[in-house]
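Trainee: If you scroll down you'll find the structure; I have some questions about it.
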Amino acid sequence: MLAQIQTSTQLHFLPPPPLLRRRISISSARHRPPLLHHHQKFSTSSRSLRLTNCINLRINDKAGSASGDVVDEEKENACKQEKQVKRAYPFHEIEPKWQRYWENNKTFHTPDEIDTAKPKFYVLDMFPYPSGAGLHVGHPLGYTATDILARLKRMQGFNVLHPMGWDAFGLPAEQYAIETGTHPKITTLRNINRFRSQLKSLGFSYDWDREISTTEPEYYKWTQWIFLQLLKRGLAYQAEVPVNWCPALGTVLANEEVIDGVSERGGHPVIRKPMRQWMLKITAYADRLLEDLDDLDWPESVKEMQRNWIGRSEGAELEFCLVDTNGLERDNKIIVYTTRPDTIFGATYLVVAPEHVLLSSIVSDAQRKQVEEYKEIASRKSDLERTELQKEKTGVFTGCYARNAANGKNIPIWVADYVLGSYGTGAIMAVPAHDTRDHEFSLKYSIPICGVVTPDNVNFSYFEKAYTGEGTMINSSSSISGLDINGLSSKEAALRVIEWLEKTANGIKKVNYKLRDWLFARQRYWGEPIPVIFVDDTGEGIPIPEAELPLALPELDEFTPTGTGEPPLSKALSWVKTIDPLSGKPARRETNTMPQWAGSCWYYLRFMDPKNSKELVDKEKEMYWSPVDVYVGGAEHAVLHLLYARFWHKVLYDIGVVSTKEPFKCVINQGIILGEVQYMAYRDPDGNLISADSVDAIIEYSQERIADEKVMKSGDSFVLKDNPNIRLIARAHKMSKSRGNVINPDDVVLEYGADSLRLYEMFMGPFRDSKTWSTSGIEGVHRFLARVWRLIVGSPSPDGKFKDGTVNLDGKPSVEQLRCLHRCIDKVTEEIEGTRFNTGISAMMEFINAAYKWDKLPKSIVETFVLLLSPYAPHVAEELWSRLGHSTSLAYEPFPKANPTYLKESTVVLPVQINGKTRGTIQVEEACTEEDAFRLASLDSKLSKFLAGKSIKKRIYVPGKILNVILDTQNIEVGQR
Ligand code: ANZ
């Protein structure tokens, strides 16, 4: 489920269709009860409150008076007028017009047959989960960036693939179905339609003919096909794996539905219960997934997260023989995994995980009850809870001992949940002197601590804390085993111990991975059916023939859990019962479905050839378009999605379906957009305002929101305008409904237009950084677009209509104009290609500032600028382009190229004459204006004595050649021009 910004809880309450929904949300804003404090009800600036009312009225108008609201016509007209005055250029007409044009002309369609001699550019967004909440302002951030790149590359002559689709299987639609009886198909379709129209209203240049949804049988046919290929190669298998089982709800829960050991819905206890599951053997690809990371142009942080997730570690497996109460060796052994074989002499106890298979057989009768109770408690904790460093360690002695072969000592075996059953061998040798968790545990349960590594030249007290670093070996020699590693460095000692282990058959060298196989089954309805049947009499699992794909999800009206842990699909009796096509024997279909991650593992391939019914993707098309050149999405997908997709891609590579080892050449994470900065003041219990720097920890203050207009900046802090002694705190929060700081992109488009929203989201700050929303910021970029409009088209006449052609568009550009333009081209191109979109906009703003000072605005200059602007603000650019006399879209016009001649900072030595006599020279830019040349001459130490205090009669200036100043000899009064 990619790019799902809303949390799943919000999705339980799917809103009614857009119009109605907005009316509800807005009227609730109007009647919103005071939040924490009565001052807070003024939290929305009066300006945006007015706008909110406007929207409300407009919608009432459309929706009729079904709700009984009376439309106040006068108010509405006032509102409309106000908007008209505010509307700085007619984006409300331009934007729908060009969206229609692009749609009717299929401007952004990438044909199936293309000229493959041309270079390609595949730019992809992490496709969204179409949630009921609609688009969030976080979505357009990434989408605008990819759209700018797509538009630039088209204009640079690339074949561009820029598609969009829906990652539409998932829990929220199913939960909604359980609550309301609305089939997930209907909800999903409704949400997709809303998302699509919202995306279209932002002018993204997607090829909508390639739209796909993971929920369509034509699509998931191939998801199922990939599963069969994994099965064929032994990469899909079944295993008993613990799941989150909620006895009260009678269902298995997804991890995200379990919070602190209880169900998110209802707060019922959840336990870990082993159930038959499908697993995918991603571990077989661990090394390749690790090695191939090195060549990827991905954020270092994401690569590092993947490395940690895969978690390759080198160490050894050691055998510890169990001993009976008489100290004699038994047949059984405990095998432990350690990354520090050098510390073997310091192992003073062993720990097995509560789920270790040998636990029941080793535990003594005296300890059995206590151990069983401990196991039961541990079964309710997640691995995360168990391994949290800060959590107090717990454990129980098993009553059993094992022999440490290095020194022949018998050491106790404990069971403790800080050791996980799923990692290594599920057992450890505990070395309290050198491992922090073991140290804490031994202090608690009074187990001996024996230091065996000493930090060089330092006296270390192993009882105070563990020394976890490397050093020199001590206390590490035994005549019983003949092993002596004293005096060696930890590294040398580790190698020596492994040699000894292998020679004496007490252990082996071992590489381990944190990465686990991927649990690939969900006890859910709204997912891809797993294409496997089980023959009734043998129970054998058999893949269904590829020719029978897609195995369609059966219609089901009843989504509630079965109560037995059986997935809801088991209720589709006639679907479940089937016949094994090979033996003709009765069989049952698999009723688990695939997890949400399945469909997003390979969708980027389907976009290359979305309608192919014979193959997942045509070979030639794949060879041309692979890999994705730029993939943009949230950092939250650093591991799961990006790792799963890489795994599937490598399997597809091995079976010859794809031609590249990796799916995504470059990945970029966009930053988060936080809500508008809020200023808060403290009030003491007597109601007095208190400055933030003098709050006292023991007094309970109330916090009060201060309206933006009452705040000013003072140094590095914010203070109250009318009482600058009161310092405020400034905070930005993640947008959330509960905080009331969610910005709806639809509202922004309505007030400022899509181009302003696009431009603003790019201008907020560096693309990858987190940033805060600011209404004044969007007004700033909106004013910039209006300035561009006025410069080229003209200003609105008193009747509110816009007049064309008020600016002189004739004439040849001057050198200065060309320099200014080419600098802008250079900067904008470089910044888009470097995904530094904000600084690209600054360059265009500088250009427009300069252009306002020019007397004439030659058409060639204006046209070039419009092309530069078009990837960012395509609607206004198309409109200007057409008003400049073009009859077709600018989408495929060559993107301007900077001419290096105009980029050179060429300076010349300019002779300066005073009354015809050369008195000196100045160094100026070749295209320097007369004014600037004269100013520089006046500042020159040699020339200034001829000019100071003189009245000037005339100046003769030939750029790059000469400046001649004729003084007014009649008038020697001060008269500098
Ligand atoms: C002895 C020892 C001495 C260890 C020492 C560490 C420091 P990584 O690097 O993450 O692979 N370990 C092994 N299996 C475990 C399990 N199932 N649950 C919890 N901990 C486990 O960590 C490997 C180390 O983690 C191993 O090395 C083991 O403790 C512990 F000075 O063994 B060590």
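Trainee: Take the Cα atoms of segment 444-518, find their three principal axes, and give me the spread along each one in whole Å, biggest first.
Mentor: 42, 37, 26
Trainee: So between Asn475 and Thr339, what do we pick up on full extension, going 0.36 nm a residue minus the alpha carbon distance?
Mentor: On the way: separation 136, 0.36 × 136 = 48.96 nm, distance 1.92 nm.
The span from Asn475 to Thr339 would gain 47.0 nm if fully extended.
Trainee: If you fit an axis through the alpha-carbon atoms of helix 775-792 and take the longest principal axis of the Cα set of the chain, what angle between them do you get, 0 to 90°, nearest 10?
Mentor: Around 40 degrees separate the two axes.
Trainee: May I pose another question? Using C-alpha positions alone, give me the convex hull volume of segment 125-183 per residue in cubic angstrom.
Mentor: Values: hull volume 5.0 nm³, N = 59.
Dividing the Cα hull volume of segment 125-183 by its residues yields 85 Å³.
Trainee: Would you list Ile178, Ile485 from fewest to most Cβ contacts within 10 Å?
Mentor: Values: Ile178 18, Ile485 25.
In increasing order of surrounding Cβ atoms, one gets Ile178, Ile485.
Trainee: What distance in nm lies between label points placed 7 Å from Cα along the C-beta direction at Ser583 and Glu314?
Mentor: Once both label points are built, they end up 4.9 nm from each other.
Trainee: Using the count of nearby Cβ atoms within 10 Å as a rough guide to exposure, how do Lys904, Lys827 rank from fewest to most? Numbers along the way, then the final one.
Mentor: Numbers: Lys904 12, Lys827 21.
Arranged by neighbour count, lowest to highest, Lys904, Lys827 become Lys904, Lys827.
Trainee: Compute the distance from the alpha-carbon center of segment 182-238 to that of segment 380-439, in whole Å.
Mentor: A separation of 45 Å, based on Cα centres.
Trainee: Here's something else I'd like to know. Calculate, in whole percent, how much of the Cα-Cα pair population of segment 104-144 lies beyond 17 Å. Before the final figure, lay out the partial values.
Mentor: On the way: 452 of 820 pairs.
That fraction is 55 percent.
Trainee: Residues in segment 389-403, backbone N under 18 Å from the label point at Ser364 (7 Å along the Cα-to-beta-carbon vector): list them, ranges by number please.
Mentor: From segment 389-403, the list is 395-403.
Trainee: Towards the positive end of the charge dipole of the chain, with charges on Cβ (+1 Lys, Arg; -1 Asp, Glu), say which of Val711, Pro90, Ala405 has the farthest Cα.
Mentor: Pro90
Trainee: Give, rounded to the nearest 20 debye, the magnitude of the charge dipole that segment 562-699 has about its Cα centre when Lys and Arg contribute +1 at Cβ and Asp and Glu contribute -1 at Cβ. Please report the intermediate quantities before stating the final value.
Mentor: Working: 15 positive and 17 negative charges, 239 e Å.
Dipole about the Cα centre, nearest 20: 1140 debye.
Trainee: Report Rg/Rh for segment 120-264, rounded to two decimals, where Rg is the Cα radius of gyration and Rh the Kirkwood radius.
Mentor: Details: Rg = 19.2 Å, Rh = 18.2 Å.
Dividing the radius of gyration by the Kirkwood radius yields 1.05.
Trainee: Suppose the Debye formula is applied to equal point scatterers at every Cα of the chain; what is log10 I(q)/I(0) at q = 0.05, 0.06, 0.08 Å⁻¹?
Mentor: These q points yield log10 I(q)/I(0) values of -0.45, -0.63, -1.00.
Trainee: R0 = 60 Å: FRET efficiency of Leu495 with Ile848, Cβ-based, nearest 0.05? Intermediate values should be presented prior to the final figure.
Mentor: Working: r = 68 Å, r/R0 = 1.13.
Calculated value: 0.35.
Trainee: Where does the Debye-calculated log10 I(q)/I(0) of segment 815-889 sit at q = 0.17 Å⁻¹, using only Cα point scatterers of equal weight, no solvent?
Mentor: Listed by q, the Debye log ratios stand at -0.64.
Trainee: Based on the Cβ-Cβ distance from Thr839 to Leu903, what FRET efficiency comes out when R0 is 22 Å, to the nearest 0.05?
Mentor: Working: r = 17 Å, r/R0 = 0.76.
Once rounded, the FRET efficiency stands at 0.85.
Trainee: Using only the Cα atoms, what convex hull volume per residue in Å³ does segment 542-629 have?
Mentor: On the way: hull volume 12.5 nm³, N = 88.
Given the Cα convex hull of segment 542-629, per-residue volume reads 142 Å³.
Trainee: If you fit an axis through the alpha-carbon atoms of helix 436-445 and take the longest principal axis of the Cα set of the chain, what angle between them do you get, 0 to 90°, nearest 10?
Mentor: Orientation of helix 436-445: about 40 degrees from the principal axis.
Trainee: Now for a different question. Given the rule -39500 (n - 2.57) for each run of at least 4 DSSP H residues, summed and divided by the residues of the chain, what is its mean residue ellipticity at 222 nm, to the nearest 500 deg cm²/dmol? Display every interim value, and only then the final one.
Mentor: Values: 28 runs with 323 residues, N = 977.
When only DSSP H runs of four or more count, the value is -10000 deg cm²/dmol.
Trainee: Across 5 Å bins from the origin, how do the percents of Cα pairs in segment 297-416 run, short distances first?
Mentor: 2, 10, 17, 18, 18, 15, 10, 5, 3, 2, 1, 0, 0
Trainee: Still on this structure, I have one more. Between segment 111-173 and segment 270-300, what's the alpha-carbon centroid distance in Å?
Mentor: Computed from Cα coordinates, the inter-centre distance equals 26 Å.
Trainee: What would the Debye equation give as log₁₀ I(q)/I(0) for segment 884-961 at q = 0.16, 0.23, 0.28 Å⁻¹, counting only Cα atoms as equal point scatterers?
Mentor: The calculated log intensity ratios at q = 0.16, 0.23, 0.28 Å⁻¹ are -0.65, -1.09, -1.42.
Trainee: What does the charge dipole of segment 392-501 about its Cα centre add up to, to the nearest 20 debye, if the Cβ of each Lys and Arg holds +1 and the Cβ of each Asp and Glu holds -1? It would help to have the intermediate numbers written out before the result.
Mentor: Values: 8 positive and 11 negative charges, 53 e Å.
With Lys and Arg at +1 and Asp and Glu at -1, about 260 debye.
Trainee: Before anything else, pin down the relative contact order of the chain: Cα pairs under 8 Å, at least 6 apart, normalised by residue count, whole percent. Please list the in-between numbers first.
Mentor: On the way: 1730 pairs, mean separation 118.3, N = 977.
Computed value for the chain: 12 percent relative contact order.
Trainee: How many percent of all Cα-Cα pairs in segment 617-667 sit more than 18 Å apart?
Mentor: Numbers: 388 of 1275 pairs.
In whole percent, the long-distance tail amounts to 30.
Trainee: Moving on to the next point. I'd like the Karplus ³J(HN,Hα) series for segment 753-768: coefficients 6.51, -1.76, 1.60, θ = phi - 60°, whole numbers in Hz, and an x wherever there's a Gly or Pro.
Mentor: Ordered by residue, 3J(HN,Hα) equals x, 5, 4, 5, 5, 4, 5, 5, 4, 7, 8, 4, x, x, 3, 7 Hz.
Trainee: Moving on. I'd like the antiparallel share, as a percent to the nearest 5, of DSSP beta bridges with both residues in the chain. Mind dumping the intermediate values first?
Mentor: Values: 94 of 116 bridges.
Just about 80 percent of them are antiparallel.
Trainee: Toward the positive end of the charge dipole of segment 400-512, about the Cα centre and with charges on Cβ (Lys, Arg +1; Asp, Glu -1), which of Tyr462, Ala433, Leu501 goes farthest?
Mentor: My answer, from the dipole projection, is Leu501.
Trainee: Segment 353-398: which GluC sites (Glu not before Pro) are DSSP loop and have at most 13 other beta-carbon atoms within 10 angstrom?
Mentor: Details: sites: Glu355, Glu372, Glu373, Glu376, Glu385, Glu388, Glu392; in loops: Glu355, Glu388, Glu392.
Answer in residue order: Glu388, Glu392.
Trainee: With a cut-off of 19 Å, note down the residues of segment 612-650 whose backbone N falls inside the zone around a label point 7 Å from the Cα of Glu113 toward its beta carbon.
Mentor: 612-613, 618-625, by backbone N distance to the label point.
Trainee: Compute, for the chain, the length of the dipole vector about the Cα centre, with Cβ point charges of +1 (Lys, Arg) and -1 (Asp, Glu) only. Units Debye, rounded to 20. If you can, show how the numbers build up before the last one.
Mentor: On the way: 120 positive and 126 negative charges, 560 e Å.
Using Cβ point charges on Lys, Arg, Asp and Glu, the chain gives about 2680 debye.
Trainee: Right, something else. Where does helix 365-378 land angle-wise versus the long Cα axis of the chain, in degrees 0 to 90, nearest 10?
Mentor: That works out to roughly 20 degrees.
Trainee: Return the tail of the calculated pair distribution for segment 654-750, meaning the percent of Cα-Cα pairs more than 22 Å apart. Walk me through the numbers on the way to the answer.
Mentor: On the way: 2484 of 4656 pairs.
The answer is 53 percent, as a whole percent.
Trainee: Can I ask one more? Want the number for Ser860 to Lys97: 0.36 nm per residue separation, take away the alpha-carbon distance, what's left? Write out the running numbers ahead of the final one.
Mentor: Details: separation 763, 0.36 × 763 = 274.68 nm, distance 2.51 nm.
Taking 0.36 nm per residue and subtracting the Cα distance, the gain is 272.2 nm.
Trainee: Lys/Arg Cβ at +1, Asp/Glu Cβ at -1, dipole of segment 306-365 taken about the Cα centre: which of Val351, Gln306, Val336 is farthest positive-ward?
Mentor: So the residue furthest toward the plus end is Gln306.
Trainee: Still on this structure, please answer the following. Over the C-alpha atoms of segment 402-506, what are the Rg and the largest Cα-to-Cα span, Dmax, in Å?
Mentor: Considering segment 402-506 through its Cα atoms, Rg and Dmax are 14.3, 39 Å.
Trainee: Can you give me the Kirkwood hydrodynamic radius for segment 528-683, using every pair of distinct Cα atoms, in Å to one decimal?
Mentor: On the way: mean 1/r = 0.0519 Å⁻¹.
This gives a value of 19.3 Å.
Trainee: Suppose R0 equals 60 Å. What FRET efficiency, 1/(1 + (r/R0)^6) with r the Cβ-Cβ distance, do Ser694 and Phe463 give to the nearest 0.05? Don't skip to the end; give the middle numbers.
Mentor: On the way: r = 45 Å, r/R0 = 0.75.
Once the sixth-power term is evaluated, E becomes 0.85.
Trainee: Over all directions, the average projected area of the alpha-carbon convex hull for segment 162-237 comes to how many nm²?
Mentor: Working: hull surface 27.5 nm².
Averaged projected area of segment 162-237's Cα convex hull equals 6.9 nm².
Trainee: Using the eigenvalues of the Cα gyration tensor, what equivalent ellipsoid semi-axes result for segment 842-977 when each is taken as the square root of five times the eigenvalue, whole Å, largest first? Display every interim value, and only then the final one.
Mentor: Values: eigenvalues 373, 50, 28 Å².
One finds semi-axes of 43, 16, 12 Å for segment 842-977.
Trainee: Another question about this same structure. For Arg307, Arg819, Arg727, what ranking results if the residue with the fewest other Cβ atoms within 10 Å of its Cβ goes first?
Mentor: Arg307, Arg727, Arg819
Trainee: Mind checking the full-extension length gain between Leu939 and Thr504? Use 0.36 nm per residue of separation minus the Cα-Cα distance, one decimal, nm.
Mentor: That works out to 147.6 nm of additional length.
Trainee: Using only Cα atoms, figure out Rg for segment 233-372 and give it as a multiple of 2.2 N^0.38 Å.
Mentor: Cα Rg divided by the expected 2.2 N^0.38 Å: 1.44.
Trainee: Using Stokes-Einstein with the Kirkwood hydrodynamic radius over Cα pairs, what translational diffusion coefficient do you get for segment 372-450 at 37 °C and a viscosity of 0.692 mPa s, in µm²/s rounded to a whole number? Can you show the working numbers first?
Mentor: Working: Rh = 13.5 Å.
Diffusion coefficient, whole number: 243 µm²/s.
Trainee: At what distance in angstrom do the alpha carbon centres of segment 601-653 and segment 921-952 lie from each other?
Mentor: 64 Å
We did not get these values from a lab; they are worked out from the coordinates using the rules stated. Source: prediction; values computed, not measured. For neighbour counting, all protein chains shown are included, and Cβ atoms are generated from backbone atoms with ideal geometry for every residue, glycine included.
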